[in-house]
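Below is one structure, written out as structure tokens, with a few remarks after it.
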Amino acid sequence: MIVELGAFALILALALAVLQTGMAVAGRLRRSPVLAGAAEGAALACAVAVALAFAALIQAFAVSDFSVANVAANSHTDKPMLYKVAAAWGSHEGSLVLWCLVLTGFGAVLTRARGLPFGLKASAVATQGLLGVMFLAFAVFTSNAFERLDPAPFQGGSLNPLLQDPALAFHPPFLYAGYVGFSVCFSLAVAALIEGRANSSFWPAWGRWVRPWALASWAFLTVGITLGAFWAYYELGWGGWWFWDPVENASFMPWLAGAALLHSAVVTERRGALAGWTTFLALLAFTFSMLGAFLVRSGVLTSVHAFAVDPERGLMLLAILGATSGAAFALFAWRAPRLKGGGMFAPVSREGALVLNNVFLTAACATVLLGTLYPLILEAANGATISVGPPYFALTFVPLMAAAFLILPAGPLLAWKRGDLKGVGQRLAVAAGLAILIALLGWMAFEPKKALSGAGIGLGAWLILGTLAEVAERVRLFRAPLAENLRRARSLPLGAWGTTLAHAGLGVFVLGAVVETGYRVEAARPLAPGQTIEAGKWAVRLDSVRVVEGPNYLAEQGKLTVTLRDGGSPKTVTAERRFFPTGGQTTTEVGLDFRGLDDVYVVLGERGQTAAGEPAWNVRVWWNPWARLIFLGPAIMALGGLLSLLDRRLRLGVNRRPAA
């Protein structure tokens, strides 16, 4: 009965989305607050209906109702409850319900936004409703998560064992909150184009309205991508955290577009400039989100991240993507000549720095898009298959981002409209000198010496020190009494502190990524119990291997001791090879020894024999220096986004009340 209620709630949500769209359009055309208010009520009711449907789906997974095809295909009675619940969005059908939940939830929050002009808000609610109609129709008619089986199987097929992990349980909700959050930016951009405002006074307010949505989406997406990278790091057992997998790129492209949108919206809000470009980025960010949804559900990609579904549903998603984005960009092409910019600014100014930042971010995004789609296009054209991997991105993406990072600390120190480049250089001289010194020390400290890695260390230090120099300039550190420094620090808005954290977190990530990638040490060989393998300054001894039974798997569990080669406190880690009888799959559980900023990463491989005929296991060990920073940096960046959202000026789009 609850399953049927969920199916009915999803159909009801589709009807309410249609009603929301129709009444919002009618309210805008007739300038009727009553109809527009009814559309907002329908949006709220639509979100409630999808929430009920999603709750019914969760309940079906929690009680292992195998009469539901989706539950039978993706759950099992022996699974822990966390993974039973997570399986609700671990399939194509369930993840689509989650997508609709986030979409309608954001649409409901949009209806409560204050300060938006009547026409803009009505048009945005209509656009958001139309997006809901398309995705809810797709969920109801082609991807029914509540389809019954008759007869019902006694046992389910279980979720992919690789996805039975805490990080992967929380990864999709955060990722979808980021993906679908950009739909509000998309709707506000379409509404602004429909309204066709030619006066420059409109665009600063519009930029202020868009920024909180872009910021929230970007922060959610940062958390989602980081959780996915951490899962890949410790679950897949290949020693890395990012492989430029096409599905990884599918989530990275909207992140890059969202970062460009955030910086462009600042210029639009403060100066009324770049209105057309900011609108374009708002459309582009959600377009990339829909492209990511198509790539993981169309069957064109083979990846552990992708949903294996039939191509027909992929074609329908492609049709949604084409119709939505095609119509939006056609509207942009029609209305763009009427988007008047704000005041002029000199090339050397804060606006100029933000424009240059956007150039590098969008160029980097274009390289990721090309590297992701080119193999698919080539295969579709002539059947040839090629692989675009890390070497391509190292030659194209990395230099562009390095150039963007070089100019990043200077931007906040430049004045609006016209800046003093010489003065900024003087303020950053100490930070630049320290960064160069750190680069030289990094180059000399590691073996083998790598010039590019040393430069990368200097670049990460430059981002952190340059950001701190900007804060020191704001509070007049060393140029005013301590009491004055503290007073200025307290008076800084939360948005300024959020920006500082985000930029510093980026520097922390760069340091971790450069050191871990450039100075990683790997070793592998068969070990019998009692034997030792060395990787860098670490020695790992295999103590024992035994068979253990888990909730829904059997595992070979190895106990290993990790010590410094020249002495130090030993630590014991556990590494496993798990076999899941349901599905017959084998997975790897990595043993991780956290040593400060470093990781000693141990993988237990297949069983074999030594030359003397003794049982032995292939053991692979990585020493990953500063790997902690890879995941700490994005966490700091997301915290910066959250802190900025707490700033009342950004959250509500109103100015702070002046002090008495």
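The values are calculated or read from the model by the stated rules, or taken from the named source; none is laboratory data. Keep in mind that what you see is a predicted model, and the values were worked out from it rather than measured. Please note: Cβ atoms are built from the backbone with ideal geometry, for glycine as well, and neighbour counts cover all protein chains shown.
Here are the numbers:
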item	result
Residue list for the stretch 459-498, filter: among the small types (Gly, Ala, Ser) and over 26 Å from the mean Cα position of the chain (by Cα)	ALA469, ALA472, ALA480, ALA483, ALA489, SER491
Odd one out for SER201, checked against (1) outside the structural domain of LEU236 (by TED's automatic domain parsing); (2) more than 23 Å from the chain's Cα centre (by Cα)	(1)
Any hit, the stretch 233-254, residues being of a type in the set (D, E, K, R), on the phi < 0 side of the Ramachandran plot and in contact with a Ser or Thr (Cβ under 6 Å, 6 or more places away or on another chain)	yes
Qualifying residue in the stretch 142-154 (condition: among the hydroxyl-bearing types (Ser, Thr, Tyr), part of a loop (DSSP other than H, G, I, E, B) and either at pLDDT 85 or above or within 28 Å of ARG313 (Cβ to Cβ) (or both))	yes
Every residue from the stretch 345-359 that is in a helix (DSSP H, G or I) and of a type outside the set (A, V, I, L, M)	ARG350, GLU351, GLY352, ASN357, ASN358
Given (1) under 23 Å from ARG28 (Cα atoms); (2) of a type outside the set (A, V, I, L, M); (3) in contact with a helix residue (DSSP H, G or I) (Cβ under 6 Å, 6 or more places away or on another chain), number of the condition TYR179 does not satisfy	(1)
Residue check for VAL34: in a helix (DSSP H, G or I) and surrounded by 24 or more Cβ atoms within 10 Å (Cβ to Cβ)	no
In the stretch 339-385, residue farthest from ALA275 (Cα to Cα) [restricted to those that are crowded, with 18+ Cβ neighbours inside 10 Å, touching a helix residue (DSSP H, G or I) at 6+ places or on another chain (Cβ under 8 Å) and hydroxyl-bearing (Ser, Thr, Tyr)]	THR372
Meets criteria (touching an Asp or Glu at 6+ places or on another chain (Cβ under 7 Å) and not β-branched (Val, Ile, Thr)) for LEU120	yes
VAL545, sole failed condition from (1) surrounded by 16 or more Cβ atoms within 10 Å (Cβ to Cβ); (2) farther than 30 Å from THR582 by Cβ	(2)
